[in-house]
Amino acid sequence: MTSSTALVTGATAGIGRSFAHQLAASGHDLVLVARDRVRLEHEAAELHDRYGVAVEVLPADLADREQLATVEARVADRGRPVDLLVNNAGFGLKGRFLDNPVEAEQAMLDVLVTAVMRLSHAALGAMAERGHGGLVNVSSVAAFLPRGTYSAAKGWVNQFGEWAAAEYRPQGVVVTTLCPGFTRTEFHERMDVGRDSAPEFLWLDADALVRQALEDHARGKVLSIPGVQYKAVAAVSRFVPLRLLQPLQALGRR
């Protein structure tokens, strides 16, 4: 990868943090987006000191339309181009649909779908105009399974990403959709879900899956599904009736 600027949302923990470190290690300057300014500034200082790259922090809650607009403007800024956008920010809800307050469901939809759509729109406009650029949208293997509104939101990310990859490739933009499964990060801790909620063989390492995602993106792959176990899940799900997959929605919620 050549020197360029990458903007990563949800950059202070888990998969987003791994993206930030691996991109910095390959020489990218960074724009880091997350809600917690203190954690952002700590992460920025560590990245600058360790890799010698320029790091800009942009605190924002992507469920808030005004704060999201600030990030959109930064992505679309022609004077300070973003060469790679990593739409990683997200969260899940432990309960099933009717167990969750509707406002919590709305906030999840805003982060998982609306923010991805609006930031992608801003990025694609600037990148297609320049004739080069890239997007990595972090989805989930849940997109292939019936797992309530989280699955539905990630299904949108997959459909959008596959379409955008074909639509904008002629204009020099590479769009890759990353579909990880259970990953050892803060994600499930924030949902109050234990590590014993899924079998050990299903858990992925964040650094390894990000490394694979960046390699897949560099090769122009449309979908990046880390782990043979999740490649199998994605393949089998295309042929198994939804009613038979329905019991799997309890997996990872204990």
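The values are calculated or read from the model by the stated rules, or taken from the named source; none is laboratory data. Worth saying up front: this structure is predicted, and the values here are computed from it rather than measured. In this analysis, Cβ positions are derived from the backbone assuming ideal geometry, glycine residues included, and neighbour counts consider all displayed protein chains. For the accessible areas, the whole protein counts, side chains as well, though only heavy atoms, and no ligand, DNA or RNA atoms are used. Shrake-Rupley method; radii C 1.70, N 1.55, O 1.52, S 1.80 Å.
What percent does the relative contact order of the chain come to when contacts are Cα pairs within less than 8 Å and at least six residues apart?
Values: 466 pairs, mean separation 44.1, N = 254.
With pairs under 8 Å counted, the relative contact order is 17 percent.
Keeping every protein chain in place, order LYS94, LYS231, LYS154 by accessible area at 1.4 Å, biggest value first, i.e. largest first. Before the final figure, lay out the partial values.
Numbers: LYS94 75, LYS231 100, LYS154 10 Å².
Largest accessible area first, the residues go LYS231, LYS94, LYS154.
Just report the Cα centroid separation between the range 99-132 and the range 35-50, whole Å.
Going from one Cα centre to the other spans 24 Å.
Taking the Cα centre as origin and putting +1 on Lys and Arg beta-carbons and -1 on Asp and Glu beta-carbons, what dipole magnitude results for the range 51-128, to the nearest 20 debye? Don't skip to the end; give the middle numbers.
Details: 7 positive and 11 negative charges, 45 e Å.
Magnitude of the dipole: close to 220 debye.
Calculate for the chain the 222 nm mean residue ellipticity that helices alone would give, adding -39,500 (n - 2.57) per DSSP H run of length 4 or more and normalising by residue count, nearest 500 deg cm²/dmol.
-14000 deg cm²/dmol
Treat each spin label as a single point 7 Å out from the Cα along the C-beta direction, and report the ALA73 to ASP207 distance in nm.
Computed distance between label sites ALA73 and ASP207 equals 3.8 nm.
List every DSSP H helix in the chain whose Cα atoms extend 15 Å or more along the helix's own long axis and whose mean Kyte-Doolittle hydropathy is at least -0.5. Before the final figure, lay out the partial values.
Numbers: long enough: 14-25 (17 Å, 0.31); 37-51 (21 Å, -1.32); 65-76 (16 Å, -0.22); 115-130 (23 Å, 0.48); 148-168 (30 Å, -0.43); 206-218 (18 Å, -0.21).
Membrane-span-like by this criterion, though nothing is claimed about a membrane: 14-25, 65-76, 115-130, 148-168, 206-218.
In cubic angstrom, how much convex hull volume per residue do the alpha carbon atoms of the chain span? Intermediate results must be reported in sequence, preceding the final value.
Numbers: hull volume 30.3 nm³, N = 254.
In the chain, the Cα hull volume divided by residue count equals 119 Å³.
With Rg and the Kirkwood Rh both taken from Cα atoms, where does Rg over Rh land for the range 34-127? Numbers along the way, then the final one.
Working: Rg = 15.3 Å, Rh = 14.8 Å.
Here the Rg-to-Rh quotient is 1.03.
Would you list, by chain and number, the lysines whose Cα falls below 24 Å from the Cα of LYS231, excluding same-chain residues fewer than 8 positions away?
LYS154, LYS221
When the chain is fully extended, how far beyond the present Cα-Cα distance does ALA218 get from MET117, taking 0.36 nm per residue of separation? Spell out each step's value before the answer.
Working: separation 101, 0.36 × 101 = 36.36 nm, distance 2.23 nm.
This chain segment gains 34.1 nm when fully extended.
Whose amide H sits under 5 Å from the amide H of THR183, counting only residues 5 or more places off or on another chain, with H placed in the peptide plane?
HN-HN under 5 Å from THR183: LEU204.
So if I place +1 on the C-beta of Lys and Arg and -1 on the C-beta of Asp and Glu, and nothing else carries charge, what would the dipole magnitude of the chain be about its Cα centre? I want it in debye, nearest 20. If you can, show how the numbers build up before the last one.
On the way: 27 positive and 29 negative charges, 160 e Å.
So the dipole magnitude of the chain works out to roughly 780 debye.
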